[in-house]
1. Residues that are farther than 27 Å from Asp260 by Cβ and either among the polar types (S, T, N, Q) or open to solvent by less than 20 Å² (accessible area, probe 1.4 Å) (or both): which helices (runs of 4 or more DSSP H) entirely in region 4-106 hold 3 or more of them?
2. From Lys210, Lys215, which residue is in contact (Cβ under 8 Å) with a residue 60 or more places away in the chain, surrounded by 14 or more Cβ atoms within 10 Å (Cβ to Cβ) and in a loop (DSSP other than H, G, I, E, B)?
3. Restrict the check to region 223-237 and report whether at least one residue is in a helix (DSSP H, G or I), of a type outside the set (A, V, I, L, M, F, W, C) and either within 30 Å of Ala315 (Cα to Cα) or in contact with a helix residue (DSSP H, G or I) (Cβ under 6 Å, 6 or more places away or on another chain) (or both).
4. Pick from Val289, Val222, Val237: which is within 19 Å of Phe178 (Cβ to Cβ) and open to solvent by less than 50 Å² (accessible area, probe 1.4 Å)?
5. Provide a single number: the residues in region 300-321 that are within 24 Å of the chain's Cα centre (by Cα) and open to solvent by 70 Å² or more (accessible area, probe 1.4 Å).
6. Quick check on my filter: what residues within region 247-261 are closer than 17 Å to Gly12 by Cβ and open to solvent by 20 Å² or more (accessible area, probe 1.4 Å)?
7. For region 188-207, give me each residue that is surrounded by 15 or more Cβ atoms within 10 Å (Cβ to Cβ) and in a loop (DSSP other than H, G, I, E, B).
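The values are calculated or read from the model by the stated rules, or taken from the named source; none is laboratory data. This structure is a prediction, so every number in the text was calculated from the model and none was measured. A quick note on method: Cβ atoms are made from the backbone with ideal geometry, for glycine too, and the neighbour counts reach across all protein chains shown. Remember, those area values only see protein heavy atoms, side chains included, never the ligands or the DNA or RNA. Shrake-Rupley method; radii C 1.70, N 1.55, O 1.52, S 1.80 Å.
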Amino acid sequence: MKIAFVGKGGSGKTTLSSLFIRHLAANEAPVVAVDADINQHLGAALGLDEAEAAALPAMGAQLSLIKDYLRGSNPRIASVETMIKTTPPGEGSRLLRVCEDNPVYDACAVSVRLDDGDIRLMATGSFTESDLGVSCYHSKVGAVELCLNHLVDGPEEYVVVDMTAGSDSFASGMFTRFDMTFLVAEPTRKGVSVYRQYKEYAQDFGVALKVVGNKVQGPDDVDFLRDEVGEDLLVTVGHSGWVRAMEKGRPPRFEQLEADNRMSLQALQNAAEDSYEHRDWERYTRQMVHFHLKNAESWGNAKTGADLAAQVDPAFVLAEPAPVPQPS
C-alpha cells in the first residue's frame, strides 16, 4: 500500500508519519519510507542523529541512475534524457518492488534500525545553495514521482511518503499515486485550510482522504475539526510525552507510546488496509498517463525536444506482481 502524509508546515505530519512507520515495523510489515519534503526531517524523527540524517543519499542526485534503471528495454523511451518525472512504465520497463534489492535502493536507500525491526528510508534531497537560480524543488521531488510510477506493491507491504508541506503536490499528479492520504490538521482555521484545498483538487480523481487531528487538547478541538471536515475526520491525537522525549533525542522504546496514541495508529493502519480493497490498477494507470500527457504538453515536449506522448504504451496496465510459486 502507498500512504501519503500531508499537511501545512508545522502541523506535525512528519512526526505522525514517523510514528506510523514505527507502528508498521512493530507489526512486522515491510516498509519503504520516503522523505519527499525538501525540508528533510523524517530521518531525525526516525531516530537518526544530525550527521546520519545529513548523510542520507539524495534521490534527486541519482535521477540519471533511476531513469536508466527504470527505462529498462522499453522501446518507447528513446533515451534517459527524454524521461521526465511523469513518464509511465510500459512493456520492457523495470518495476520496483518493496521487498527486493535493486540498483535504485542500493543508491538511494539506507536501512534504519527501529526498536521492532528495520525499514528502508529514502529521501528526495534538500534544496542546496547550488540549486538557487537554476533549479526548483519540483526537480528533486520528481525522482520520488518517477519511482512511484514504477512501483508495484502488495496489500501487506507499505510505502509511506512524508510529502511536501501545503498543497504543492498538486503541481503534478503525485497526489493520485496513493491508496490513502492522511491529512494532518490542527484544530484551527489555518490548520484545516490545506484540507479544503486537497478535498477540492482531489475530488475528481477518487483520492481516498482522511484527516488526522493533531495537537488536540479537548472536546472543543474535536468538535471544531468535526464541524470543519465532517466524516473525513478519522482520529485525533493529543499531547504525547513519548513524542516530547523523542524530540529531545531520548525516545523510550516504542512499546511505551501512550495507549490511546497506539490505538490511533492502529486506526490509520485499518483505514489503509480498507482502502486497498478499492485499488483499481486500470484507473491508477489511466491517471498516470493523464498527468504525463498534461506535463508533456505544458513543458515536457519543449524541454526534451521529443514527443513524450509517444512514451505511452496503450496496452500496458501496471499491476501487482503474481505471487512466486513456492517449491513443494
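1. 63-71
2. From the options Lys210, Lys215, the qualifying one is Lys215.
3. Yes, region 223-237 contains a residue that is in a helix (DSSP H, G or I), of a type outside the set (A, V, I, L, M, F, W, C) and either within 30 Å of Ala315 (Cα to Cα) or in contact with a helix residue (DSSP H, G or I) (Cβ under 6 Å, 6 or more places away or on another chain) (or both).
4. Every option except Val289 fails the conditions.
5. Count: 1.
6. Scanning region 247-261 gives Glu247, Lys248, Pro251, Glu258, Asp260.
7. Once the filter is applied, which keeps residues that are surrounded by 15 or more Cβ atoms within 10 Å (Cβ to Cβ) and in a loop (DSSP other than H, G, I, E, B), region 188-207 yields Thr188, Val207.
Conditions (1) farther than 19 Å from Asp115 by Cβ; (2) acidic (Asp, Glu), marked per residue:
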site: Phe224; (1), (2): yes, no
site: Gly249; (1), (2): no, no
site: Glu255; (1), (2): no, yes
site: Asn261; (1), (2): no, no
site: Ser264; (1), (2): no, no
